[in-house]
Amino acid sequence: MDIVPIIYGSLGLSLLVGECGPIADIDFILTDAGFRRRWRDIQNYLISKMGYKKDPDHKQEFLGNGCPVSFLKLSDIKTLIPIRLSQLTKHTREGGTYYNLTLSLYLGIYRKGLRGRDRKQKKEGPDKEKIRLIEKHLTMETQ
C-alpha cells in the first residue's frame with residue numbers, strides 16, 4: 001500500500017529486544033499524511049481480505065484472526081512523547097518494511113502511560129515489567 005508504518009507496543013518492543021512477554025495485539029502508527037491518504041484502503045483490506053471487523057468501541061481498531069490490530073496517527077502519539085520519523089530506523093523483515101521506536105522512546109511511552117488512571121488499572125504489572133526490561137537493555141547498551 002506504499003505505507004511504511006511504525007510498529008510499537010509489545011510487538012515493536014519484542015522486535016527490538018527479542019523478548020517482552022505476551023503480544024496481545026499489533027499496534028501501528030502512521031504519518032498523518034499516510035493516514036489521510038490510505039485509511040480507506042487499509043480498512044477495506046483488513047475487512048475484505050483479512051476477515052477483520054471494526055471494533056465498535058474503538059474507531060481505529062480491528063478485531064479478528066485472534067489478534068486485534070490498532071492504528072494511531074503520528075500526531076496522536078506525540079501527545080505522549082515527541083517522536084520524529086527521522087530519529088527512527090527503518091527495518092525490512094519477511095518482505096515488510098517498518099520503522100521501530102528506540103528503547104528510550106519506549107521507556108518514555110510506558111512511563112507516561114502509567115500516569116493515566118485507566119492504563120495503570122489495566123496494565124500496571126506488565127508495563128512495569130517492560131520498563132524494567134527496557135532499562136536493563138539500555139544499561140547493557142551503555143556498557
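The values are calculated or read from the model by the stated rules, or taken from the named source; none is laboratory data. Computed from a prediction, not measured in an experiment: that's the story for all the values here. Methodologically, a virtual Cβ is constructed for each residue, glycine included, from the backbone with ideal geometry; neighbour enumeration extends over all protein chains shown.
List of remarks:
- Residue 31 vs. criteria free of Cβ contacts under 8 Å to residues at least 24 places away in the same chain and under 16 Å from the mean Cα position of the chain (by Cα): no
- So residue 31, is it touching a helix residue (DSSP H, G or I) at 6+ places or on another chain (Cβ under 6 Å) and either modelled with pLDDT under 90 or over 24 Å from residue 135 (Cα atoms) (or both): yes
Rundown of residues vs (1) within 15 Å of residue 10 (Cβ to Cβ); (2) modelled with pLDDT of 95 or more; (3) in contact with a Cys (Cβ under 7 Å, 6 or more places away or on another chain), yes/no style:
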| site | (1), (2), (3) |
| --- | --- |
| 21 | yes, no, no |
| 26 | yes, no, yes |
| 36 | no, no, no |
| 50 | no, no, no |
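Yes or no, residue by residue, for (1) within 17 Å of the chain's Cα centre (by Cα); (2) hydrophobic (A, V, I, L, M, F, W, C); (3) farther than 24 Å from residue 16 by Cβ; (4) part of a helix (DSSP H, G or I):
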residue: 37; (1), (2), (3), (4): no, no, yes, yes
residue: 45; (1), (2), (3), (4): no, no, yes, yes
residue: 57; (1), (2), (3), (4): no, no, yes, no
residue: 75; (1), (2), (3), (4): yes, no, no, yes
residue: 136; (1), (2), (3), (4): no, no, no, yes
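- Residues that are free of Cβ contacts under 8 Å to residues at least 60 places away in the same chain and surrounded by 12 or more Cβ atoms within 10 Å (Cβ to Cβ), drawn from segment 86-101: 87
- Filter pass, residue 107 being modelled with pLDDT of 90 or more, touching a helix residue (DSSP H, G or I) at 6+ places or on another chain (Cβ under 6 Å) and either surrounded by 15 or more Cβ atoms within 10 Å (Cβ to Cβ) or not in a helix (DSSP H, G or I) (or both): yes
- Counting only residues that are surrounded by fewer than 17 Cβ atoms within 10 Å (Cβ to Cβ), farther than 18 Å from residue 107 by Cα and small (Gly, Ala, Ser), segment 1-34 holds 2 of them.
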